[in-house]
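Peer 1: Input: one structure, supplied below.
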Amino acid sequence: MTRDQIKDLVLDIIADIDDEADFETLVSDQPLRDQLDLDSMDFLDIVMELRKRHQLQIPEEDYPQLASLDSCVNYLEPLLKDA
Amino acid sequence: MDNTQQRIVITGVGLAAPGADNLADFRKKLLAGTSDIQEIDLRYFGSAPAGICDFPETKYRKKKENKRGTRAGCFGVYCAHEALASAGLAHDYYDPARIGVYIGLTEHGTVETENEVYNISKFDYNVDYWTHHHNPRTVLNNPAGEITMSLGITGPHYSIGAACAAGNASLIQGVQMLRLNEVDMALAGGVSESTGSFGIFASFKAQGALGEADDPRMASRPFDQSRNGIVVSEGACVYVLERLESALERGAKIYGEIVGYAINSDARDFVLPYAPRQAECMQMALDRAGLTPEDVDIINTHATGTKQGDIEECKAIASVFGNAAPHINNTKSIIGHAMGAAGVLELAGNLPAFDDNMVHPTINVSHLDPECALPNLVLNEPVRRERMSVILNNSFGMVGINSVVVVQRYTP
């Protein structure tokens, strides 16, 4: 997947969690949690969705890598290069 | 100070029932005897008649919160907010630490667990795909807790598990906690999300106790010769309960006063009801209320449409009420059996009788079972009653639990 595709994937998962999430003003290098109505359970939803959609097993110590949209893309890019 | 005689009143009602999402519409449906029971399709099980609720699920919280929580929580939140609105209570009128939330449940977690097992079946039963939401959704306090989160209530909250007597049991809990001065206001009621569980339908069917009919609106027919079982419904009802003096102080509308109650146990059988114990329960509730059978105007029966259950309750009523002549009706014939919400929804459907002096009918009775032929059974058409002061509400449940609540028209 390209970086843009990964970005769309993450946003699509977040939209599934909260269909009222506003991505218009999202700053990609800032924490998602500060900008959207997301909490720790929602992040676990993101992890679960990545597992379901792409069979990714993300270890708990890597969860901080999912903090911002940019860091998500950076972290997922090598994992989804063949997806 | 002896608080045990403190007068406790109902000052707000929020509900969601098959065919109605507020008390006024619910009352209209019941007086008209209009059933909205429909066929639904259940995973693995197939088609069955059921009572499904259509209510504004996002009126009081976001879709995201409904997705995270449970159907039971969604019901609870809607009904709690509606109850407060009908009570004319602002969220901050009472100290949030002095509000108690008591929610009656027949069962909880069945729907969520079935859904999750189905979910992992799509992943070859790999439990890595089991959701982290499972535990917070299935803890037994879930529906009550979702109410506290939505309303910022920091007082006690818990669920009352009492099978299909749970709605009444939660009301009793609310009354007791107010009398103990543990809280200043109680949100007490019951919730059922049972129509989401194929297992509940399949279990009733295996027991030979699942109601059926060609027309689903005819499937729930307590007291009729041809009755063949229970129609499972979802729904909820939450009441605002206050001490009388608090209610008077703020000029609240008083829907009724809870003057008597009782709970007892059959101590006999997992599923079969037992008339002598039901009779004792009704008598205890009347005694506690300081009332006689002659004082009662409406008996709202628990009868679910099973052969033996309806007969046992009729025997119990006959033994307590003898020649007294209350009118007798059954709400389940119209809305099905809302399980943990049954007692409270059925009471709510009868409370407006204090205003309109009407007794709503029991529908779907074309051939009355002679063993259920109680005097003054209100069949198929509503009746007007000159005096309307006392409602006795029966709710019984599996594993032998009986509950009775007696509500009186408020008089100073």
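Peer 1: B:ASP92: net charge of surrounding residues, Cβ under 15 Å, Lys/Arg +1, Asp/Glu -1, itself excluded?
Peer 2: Around B:ASP92, the charge tally is 0.
Peer 1: So what's Rg/Rh here for the protein assembly as shown, counting alpha carbon atoms and using the Kirkwood radius for Rh?
Peer 2: Numbers: Rg = 24.7 Å, Rh = 23.8 Å.
Value, to two decimals: 1.04.
Peer 1: Rounded to the nearest 0.05, what FRET efficiency do A:ARG53 and B:MET398 have when you use their Cβ-Cβ distance and R0 = 35 Å? Could you put the intermediate results ahead of the total?
Peer 2: Numbers: r = 42 Å, r/R0 = 1.20.
Working from the Cβ atoms, E equals 0.25.
Peer 1: Spin-label point model (7 Å from Cα, Cβ direction): what's the B:GLU294 to A:ASP70 distance in nm?
Peer 2: 8.6
Peer 1: For segment B:41-56, just list the computed ³J(HN,Hα) in residue order, Karplus coefficients 6.51, -1.76 and 1.60, θ = phi - 60°, integers in Hz, with x standing in for Gly and Pro.
Peer 2: 3J(HN,Hα) across segment B:41-56, in whole Hz: 10, 10, 3, 6, 8, x, 8, 7, x, 7, x, 10, 9, 10, 9, x.
Peer 1: Tell me the carbon and sulfur percent of the accessible area for segment B:190-279, rounded to whole percent, probe radius 1.4 Å.
Peer 2: Answer for segment B:190-279: carbon and sulfur cover 51 percent of the accessible area.
Peer 1: Can I ask one more? Ballpark to the nearest 100 Å², how much total accessible area do A and B bury together, probe 1.4 Å?
Peer 2: Protein heavy atoms only, the A-B interface buries about 1400 Å².
Peer 1: While we're looking at this one, here's another question. Tell me which lysines have Cα within less than 29 Å of A:LYS52's Cα, excluding those fewer than 8 residues away on the same chain?
Peer 2: A:LYS52 reaches A:LYS7, A:LYS81, B:LYS62, B:LYS63, B:LYS64, B:LYS67, B:LYS122.
Peer 1: Within 10 Å of each Cβ of B:51-58, how many other protein chain Cβ atoms are there on average?
Peer 2: Mean partner-chain Cβ count within 10 Å for B:51-58: 0.
Peer 1: I would also like to ask the following. Please report the carbon-and-sulfur percent of the accessible area for segment B:283-402; probe 1.4 Å, protein heavy atoms only, DNA, RNA and ligands left out.
Peer 2: It is 53 percent, rounded to a whole number.
Peer 1: Let me ask something else about it. Per residue, how large is the accessible surface of segment A:3-79? Use a 1.4 angstrom probe and give square angstrom.
Peer 2: 54
Peer 1: Now, a different point. Take the alpha carbon atoms of segment B:50-76, find their center, do the same for segment B:1-40, and report the distance between the two centers in whole angstrom.
Peer 2: So the separation of the two Cα centres works out to 18 Å.
Peer 1: What shape does chain B take by its C-alpha gyration tensor, where a ≥ b ≥ c are the square roots of the eigenvalues and a/c under 1.5 counts as rounded, a/b above b/c as prolate, and the rest as oblate?
Peer 2: Because a/c hits 1.5 or more and a/b fails to exceed b/c, chain B counts as oblate.
Peer 1: Further question: Grab the other residues whose beta carbon is less than 13 angstrom from that of B:ALA275, score K and R as +1, D and E as -1, and report the net.
Peer 2: -4
Peer 1: Working from the pairwise distances between different alpha carbons, so that the mean of 1/r is found and then inverted, what is segment B:202-319's Kirkwood radius in Å?
Peer 2: 17.0 Å is the Kirkwood radius here.
Peer 1: Could you order peptides B:172-178, B:382-388 by the average number of other Cβ atoms within 10 Å of their residues, highest first?
Peer 2: Values: B:172-178: 23.6, B:382-388: 13.7.
My ranking of the peptides, most packed first, is B:172-178, B:382-388.
Peer 1: Quick one: which residues, 5+ away or cross-chain, put their amide H under 5 Å from the amide H of A:ALA21? H built at 1.01 Å from N.
Peer 2: none
Peer 1: Now, a different point. Where nothing but the Cβ of Lys and Arg (+1) and of Asp and Glu (-1) is charged, how large is the charge dipole of the protein assembly as shown around its Cα centre, in debye to the nearest 20?
Peer 2: 1500
Peer 1: Based on Cβ point charges of +1 for Lys and Arg and -1 for Asp and Glu, what charge dipole magnitude is obtained for segment B:8-249 about its Cα centre, in debye rounded to the nearest 20?
Peer 2: The calculated dipole for segment B:8-249 is roughly 80 debye.
Peer 1: Ranking request for peptides B:261-271, B:149-159: highest mean number of other beta-carbon atoms within 10 Å first, then the rest in descending order.
Peer 2: B:149-159, B:261-271
Peer 1: Enter the mean number of other protein chain beta carbons within 10 Å of the beta carbon of each residue in B:59-68, as an integer.
Peer 2: 3
Peer 1: Is the shape of segment B:165-218 best called rounded, prolate or oblate, per the rule: a/c under 1.5 gives rounded, else a/b larger than b/c gives prolate, else oblate, with a ≥ b ≥ c the square roots of the Cα gyration tensor eigenvalues?
Peer 2: Prolate, because a/c is 1.5 or more and a/b exceeds b/c.
Peer 1: How large is Rg over Rh for segment B:282-412, taking Rg from the Cα atoms and Rh as the Kirkwood inverse mean of 1/r across Cα pairs?
Peer 2: That ratio equals 0.92.
Peer 1: Place +1 on the Cβ of every Lys and Arg and -1 on the Cβ of every Asp and Glu in the protein assembly as shown, take the dipole about the Cα centre, and give the residue among B:ALA209, B:HIS81, B:VAL405 whose Cα lies farthest towards its positive end.
Peer 2: The residue sitting most towards the positive pole is B:VAL405.
Peer 1: Which residue fluctuates most in the GNM of chain A (Cα springs below 10 Å): A:GLN55, A:GLN35, A:GLN65?
Peer 2: It is A:GLN55.
Peer 1: How do the peptides B:396-405, B:323-332 rank, highest first, by the average count of neighbouring beta carbon atoms within 10 Å per residue?
Peer 2: So the order, starting with the most tightly packed, is B:396-405, B:323-332.
Peer 1: Which distance in nm do the two modelled labels at B:GLN308 and B:LYS205 give, with both placed 7 Å along the Cα-to-Cβ direction?
Peer 2: 2.2
Peer 1: With a 1.4 Å probe and all protein chains left in place, how much accessible area per residue does chain B have, in Å²?
Peer 2: 37
Peer 1: Taking every residue in A:19-31, how many Cβ atoms of other protein chains lie within 10 Å of its Cβ, on average?
Peer 2: Whole-number average of other-chain Cβ neighbours for A:19-31 is 1.
The values are calculated or read from the model by the stated rules, or taken from the named source; none is laboratory data. In this text, all values refer to a predicted model and were calculated from it rather than measured experimentally. Using ideal geometry, Cβ is built from the backbone for each residue, glycine included, and neighbour counts are taken over all protein chains shown. Areas reflect the complete protein model, heavy atoms only, side chains present, ligands, DNA and RNA absent. Shrake-Rupley method; radii C 1.70, N 1.55, O 1.52, S 1.80 Å.
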